[in-house]
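Enquirer: This is the structure I have questions about; it appears just below.
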Amino acid sequence: TSVAPNDWASATMEARKPRRQTSIEEAATRSAARIAEMEVLCAALESPPDWRSVASCTERLITLSQETGDERAEARSLSRLGKSRIRLGDFVEAAGHLERAARIAVEIGDPDLEVDARQALGNALLSLGRLPEAKEQFERVGESRGWRARWSAAVSLAAVLEQAGDYRGAMEQCDVAAAVLEEGDDREAAAAGSVYVDAN
């Protein structure tokens, strides 16, 4: 029985579809696995910290995340890169990475990632002497629901006010941080946070 050319072409295309779909899925799985492996490597480089290696590893991870379209991985990587740049004293570059991380986190609807990036961004801006901008970031972090984020933001606001010469306001923010710490269920973490607040 002969097969018409059009029927043969249709049958061939239908036969290729599952294979092509499987190939795409396998590539996505491999990319996700590679991103996960590199994130583990970057985390390992943070303890004990080798910040230049962390930055180098994370830059490659950002490129991979962009190539695969994984915005969440890209935002996480930008945040990690910004923090490593802070450790290296590259505050201007750190601020740029962290701003991008926060922006992507907003776009994909990840409030925890946004808060993490904004807290670090505030620290970079504070180190640059950009007090009003740092204050804005810490205030936004303080509005979150996260217990750790709220007390950390209050301590950071105290640092901003201290640099501005408002020592009374700085003390008030330390009191706010102490009050938030009292709300926590993790007593060990609260005790560690209290030491941090008392030191400030």
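The values are calculated or read from the model by the stated rules, or taken from the named source; none is laboratory data. Note that the structure is a prediction, hence the values are computed from the model and not measured. Heads up, the Cβs are rebuilt from the backbone with ideal geometry, glycines too, and the neighbour counts pull from every protein chain shown. Remember, those area values only see protein heavy atoms, side chains included, never the ligands or the DNA or RNA. Shrake-Rupley method; radii C 1.70, N 1.55, O 1.52, S 1.80 Å.
Enquirer: What distance in nm separates the simple spin-label points at R87 and E26, each placed 7 Å from Cα in the Cβ direction?
Expert: A separation of 3.8 nm, rounded to one decimal place.
Enquirer: Can you work out the accessible area per residue across the range 60-130, with the rest of the protein chains kept in place, probe 1.4 Å, in square angstrom?
Expert: Normalised by residue count, the accessible surface of the range 60-130 is 44 Å².
Enquirer: I would also like to ask the following. Can you give me the span-like helices of the chain, meaning DSSP H runs with 27 Å or more of Cα extent along the axis and Kyte-Doolittle mean at or above 0.5?
Expert: None pass (Cα extent of 27 Å or more, hydropathy at least 0.5).
Enquirer: Follow-up. Compare I24, I108 by solvent-accessible area with a 1.4 Å probe and give them largest first, with all protein chains kept in place.
Expert: Ranking I24, I108 by accessible area, largest first, yields I24, I108.
Enquirer: Which far-off residues, 5 or more places away or on another chain, put their amide H under 5 Å from the one on D110, with H placed in the peptide plane?
Expert: So D110 has HN proximity to no qualifying residue.
Enquirer: Using a 1.4 Å probe and ignoring any ligands, DNA or RNA, find the accessible area of W51 and quote it in Å² to the nearest 10.
Expert: W51 has an accessible surface of roughly 60 Å² with all protein chains in place.
Enquirer: What figure, in Å² to the nearest 10, do you get for the accessible area of V40 with a 1.4 Å probe and non-protein molecules left out?
Expert: 100 Å²
Enquirer: Running a GNM on the chain with Cα contacts under 10 Å, which residue among A27, A55, A117 ends up with the highest mean-square fluctuation?
Expert: A27
Enquirer: So for the range 71-169, taking the charge dipole from beta-carbon charges (+1 Lys/Arg, -1 Asp/Glu), which of W151, A120, L161 sits furthest toward the positive end?
Expert: Sorting the options by dipole projection puts first W151.
Enquirer: While we're on this one: Determine how large the accessible area of E93 is when every protein chain is in place; take a 1.4 Å probe and give Å² rounded to the nearest 10.
Expert: Only protein atoms counted, so the area is about 80 Å².
Enquirer: Of the peptides 187-195, 95-103, how do they stack up when ordered by the mean number of other Cβ atoms within 10 Å, highest first?
Expert: 95-103, 187-195
Enquirer: Would you work out if the range 63-142 is rounded, prolate or oblate? Take a ≥ b ≥ c from the square roots of the eigenvalues of the alpha-carbon gyration tensor; rounded if a/c is under 1.5, else prolate when a/b is larger than b/c, oblate otherwise.
Expert: oblate
Enquirer: Also, I was wondering about something else. Among R150, R85, what's the order by accessible area (1.4 angstrom probe), most exposed first?
Expert: Output order, biggest surface exposure first: R150, R85.
Enquirer: With +1 on each Lys and Arg Cβ and -1 on each Asp and Glu Cβ, and nothing else charged, work out how big the dipole of the range 66-200 is about its Cα centre, in Debye to the nearest 20.
Expert: My answer is approximately 320 debye.
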